[in-house]
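Scroll down for the structure; my scribbles are underneath it.
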Amino acid sequence: LNVTEEKFVLDTLAGCIEYKPLLDVVVNAFFVRDGRYCLISERNLYIVICYLATFQLEELGLQHFSRIVKSLDTAKMQKFLRFFFNALYLNTWIKDEWSQFYDSLYVKENWIDPLLRWQPKVQQLIRQLSEKLSNRTTTVKTSTVTQPKEFNLTVPKPRAIPIPLPIPTLEKMQPVPPSTYKPPKEKKQLEEIRRKNRRKAEVTNADQFKCATMKPEKGEVCYKILYYLKIPQYEDEKFCLYGVRNYVLSFIAMDNIPIKLNAAAILREGALYQRQMEQELKRIENLLQGAGDPSEFLEWQKQMRGKDLEEQLAETECRRLQGKLSHEEAVLAHQNVIQENKKKADLMREEKAELMHQYAEKRLQEQKEVRELVEQVVEGRKNAKQAKIKLQKYKQQIVQEVCEENRELLRQALEEEEEKLRKRYELIQQIRAIESLPSLRHKFVDLTETGGHGLICEMSIVELRERLALLREAQKAAEEEKRDQIIHEKQAKEQLLLDKLDQISLFRAELGRAAALKSEEKKRKSQPGERPVKDERILNLQKKIIEKTAERKKQAGLV
C-alpha cells in the first residue's frame with residue numbers, strides 16, 4: 001500500500017475500535033431484524049461500512065463511498081444500507097441507544113443530523129443496487145454427459161490343468177508315556193517328609209493341650225459357685241477377686257473336683273502360692289522374734305474404714321443438696337434477668353425511634369448534595385469534546401508506533417525460527433549418520449569369568465553357585481540344632497509344670513480347710529449393722545432448699 005492508502009486503513013481501524021459500542025448497537029440490531037440469514041463471519045464488514053457512513057462520509061464523499069460499496073456484494077450492501085439509513089430507526093431507537101454512551105445533544109448534532117442530510121443521496125445508491133439485483137441474469141452451466149467406453153483388456157490365455165499332488169501319509173505317532181498320568185516323585189517325597197515331621201511332633205507334644213479340653217464337670221462347678229455366692233449371710237459383703245478365688249478354691253476342695261489349667265495359669269498360681277508361703281514364713285519369724293499380733297490393728301483399721309465410708313456418703317449427699325440449692329438460685333436469677341431485659345427493650349425502642357428521625361434528616365441532606373453534583377457533571381461534559389479530539393490524535397499516534405514495533409518483532413521472530421530449523425536439520429543428519437553405522441548384537445557369556453567391574457567382592461557365576469550350596473548346608477545344620485534345643489526346652493518346661501501342679505494341689509487343700517473354718521467363725525460373729533445418723537449440714541441444706549422453692553413458686557404466681 002502507498003502512504004495514503006495505509007493512512008486510510010489505519011484511521012478506519014482506529015475508529016472502529018474507538019466507537020465499537022456505537023457500531024455494535026447497529027450491527028447487532030441488523031442481525032436480529034433484517035440480517036437473520038447473513039453469516040456471522042461478515043460482522044466486521046458491516047462494522048466498517050457503518051463506521052464509514054457515520055463518521056467518514058463527508059470526508060470521503062458520496063462518489064468514493066459508492067465505489068467502496070459497489071466493490072462488495074450487492075445484495076448484502078443493499079440490505080444493510082436500507083436498514084441503516086431508515087429515517088424512523090435513526091430518529092428513534094438508534095438515537096436513544098447512542099445517547100446512553102454520549103450526550104443526547106451531541107449525538108443529534110454530530111451524527112444523526114448528518115446522516116439524515118445524506119439520506120436522500122444514499123437512497124439513490126440503494127435504488128441503483130436494487131436495479132442491479134433485478135437485472136442480474138443467472139447463467140446455468142450445463143454439464144456434459146460422460147460417454148462410457150469399453151476397456152482395452154488383453155484376452156487371457158487358457159489355463160493348463162494342474163497335475164494333482166500326491167496325498168501325504170501321516171507317520172505313526174508315539175504313544176503317550178505312562179508317567180504323564182502319575183504324580184511326580186518330588187510330591188511323594190514331600191508327603192513322606194511331612195508325615196515324618198507330624199509323627200515326631202505328636203510324640204513330643206502328646207500331653208501339651210490336654211488342659212484346654214472342655215468337660216461337663218466344669219459347667220456343674222460354675223453353677224455351684226454362683227449358687228454358693230448368693231447365700232444370705234454373704235450378700236452385704238464386698239468380695240474382692242482374691243476373696244472370690246479363695247471361696248471357689250475352698251468349694252473345689254470340699255467336692256474334690258479336678259480342674260485342669262494351662263501353662264500360664266499354673267505358673268501364675270504357683271508364683272502366688274510361693275509368695276504367700278514366703279509372707280507366712282516371714283510373719284512366723286517376726287512372731288518368734290517378739291513382734292505383736294496384727295489382728296487388733298486390722299480390726300481398728302476396719303472400723304476406721306467404715307467411718308471414712310460414712311463420711312464420704314455424707315459429703316456426697318451434701319454436694320447433691322448444694323447442687324439442688326444452686327439450681328433454685330439460678331431459676332430466681334433467671335426470672336430477675338427477664339424483668340430487667342423487658343425494661344432495656346423499652347429504652348431501646350425509644351432510642352431507635354430517635355435514630356430513625358435523625359437518619360431521615362440526613363438522607364434529605366444527601367439527596368440535595370447529589371443534585372448539586374449532577375448539575376456540576378452536566379456542565380463538565382460540555383467541555384469534553386476538545387479533550388476527546390486530543391485523545392483521538394494521541395491514540396492514532398500510539399497505533400502507528402505499535403504497528404512499527406510489531407513489524408520489527410515479527411522480522412526478528414522469523415530470523416530466530418529459521419536459525420532453529422537449520423540447527424535441527426543438522427542434528428537430524430548427524431543422528432541418521434550415527435544410526436547407519438553397524439553394531440554388534442551378539443555377546444558370548446563365560447560363567448567362569450567375573451564381571452570386570454573393578455570391585456573387591458566380584459565372583460563368577462560358578463563360584464556363586466558353590467557358595468550358595470555351602471550356605472544351604474550350613475543353614476540346614478543350624479535348623480537341626482535349633483530343633484533339638486527346642487525339644488529339650490519343652491521337656492524341661494513340662495517337668496517344671498508338673499512340679500508346680502503338685503505344689504498347687506497341696507496349697508489348695510490347705511486353703512480349702514482354712515476357708516471352711518473362717519466361714520463358720522463369720523457365721524457365729526455376724527451381727528446387724530447400725531444405720532448412719534444424718535449430718536447437721538445435710539439438714540440445714542434441706543431447709544434452705546425448701547425455702548428457695550417456696551420463694552420461686554411465690555414469685556412465679558405474682559408474674
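Of the whole protein surface, Asp502 contributes about 100 Å² of accessible area at a 1.4 Å probe radius.
Suppose R0 equals 56 Å. What FRET efficiency, 1/(1 + (r/R0)^6) with r the Cβ-Cβ distance, do Lys390 and Ser134 give to the nearest 0.05?
Numbers: r = 49 Å, r/R0 = 0.87.
FRET efficiency, Lys390 to Ser134: 0.70.
For Arg381, Arg508, the ranking by accessible surface with the largest value first comes to Arg381, Arg508, using a 1.4 Å probe.
Looking at region 439-524, which GluC sites (Glu not before Pro) are in a loop (DSSP not H, G, I, E or B) and have at most 16 other Cβ atoms within 10 Å?
On the way: sites: Glu449, Glu458, Glu463, Glu466, Glu473, Glu479, Glu480, Glu481, Glu489, Glu494, Glu510, Glu520, Glu521; in loops: Glu449, Glu458.
Answer by residue number: Glu449, Glu458.
Need one value: the accessible area of Arg411 in square angstrom, 1.4 angstrom probe, rounded to the nearest 10. Answer for Arg411: close to 110 Å² accessible. Per residue, region 66-123 exposes 51 Å² of accessible surface when a 1.4 Å probe is rolled over the protein heavy atoms with every protein chain present. Considering only Cα atoms, the convex hull volume of region 3-136 works out to 116 Å³ per residue. Against the criterion of solvent-accessible heavy-atom surface with a 1.4 angstrom probe, Glu109, Glu280 sort, most first, into Glu109, Glu280.
Take Ser436: with every protein chain present and a 1.4 Å probe, its accessible area is about 90 Å².
Order Phe151, Phe297, Phe31, most accessible first, counting only protein heavy atoms with a 1.4 angstrom probe. Please list the in-between numbers first.
Details: Phe151 170, Phe297 110, Phe31 30 Å².
In descending accessible area the options line up as Phe151, Phe297, Phe31.
Rg and Dmax of region 362-437, based on Cα coordinates, read 31.1, 95 Å.
Each of the peptides 311-323, 182-194 was scored by the mean count of other Cβ atoms within 10 Å over its residues; in descending order, highest first, they stand as 311-323, 182-194.
A Förster radius of 22 Å, combined with the Cβ-Cβ distance separating Val378 from Asp113, puts the computed FRET efficiency at roughly 0.55.
Report the calculated FRET efficiency for Tyr89 and Glu5 (r = Cβ-Cβ distance, R0 = 30 Å), to the nearest 0.05.
On the way: r = 32 Å, r/R0 = 1.08.
Approximately 0.40, to the nearest 0.05.
Spacing of the modelled spin labels on Leu364 and Lys553, each 7 Å from Cα toward Cβ, amounts to 6.1 nm.
When the charge dipole of region 3-136 is built from unit charges on Cβ atoms (+1 for Lys and Arg, -1 for Asp and Glu) and taken about the Cα centre, the candidate among Thr74, Leu88, Cys16 whose Cα reaches farthest toward its positive end is Thr74.
In this simple spin-label model, placing a label point 7 Å from the Cα along the Cα-to-Cβ direction at both Glu510 and Ala477 gives a separation of 5.2 nm.
On the protein heavy atoms, probe 1.4 angstrom, tell me the percent of accessible surface of region 3-136 carried by carbon and sulfur.
Numbers: 3980 of 7400 Å².
Carbon with sulfur: 54 percent of the solvent-accessible area.
Taking each residue as 0.36 nm, the span from Arg407 to Asn28 lengthens on full extension beyond its C-alpha to C-alpha distance by 133.1 nm. Inter-label distance, Ile161 to Leu313: 12.9 nm, where each label sits 7 Å from its Cα along the C-beta direction. In straight-distance terms, cross-link reach from Lys132 covers every one of the lysines whose alpha-carbon lies under 24 Å from its own, apart from those fewer than eight places away in the same chain; here that gives Lys70, Lys76, Lys79, Lys121, Lys141.
The values are calculated or read from the model by the stated rules, or taken from the named source; none is laboratory data. No experiment lies behind these values; they were computed from the predicted model shown. Neighbour counts are summed over all protein chains in view; Cβ atoms, including those assigned to glycine, are modelled from backbone coordinates with ideal geometry. Keep in mind that these areas ignore ligands, DNA and RNA; they rest on the heavy atoms of the full protein, side chains included. Shrake-Rupley method; radii C 1.70, N 1.55, O 1.52, S 1.80 Å.
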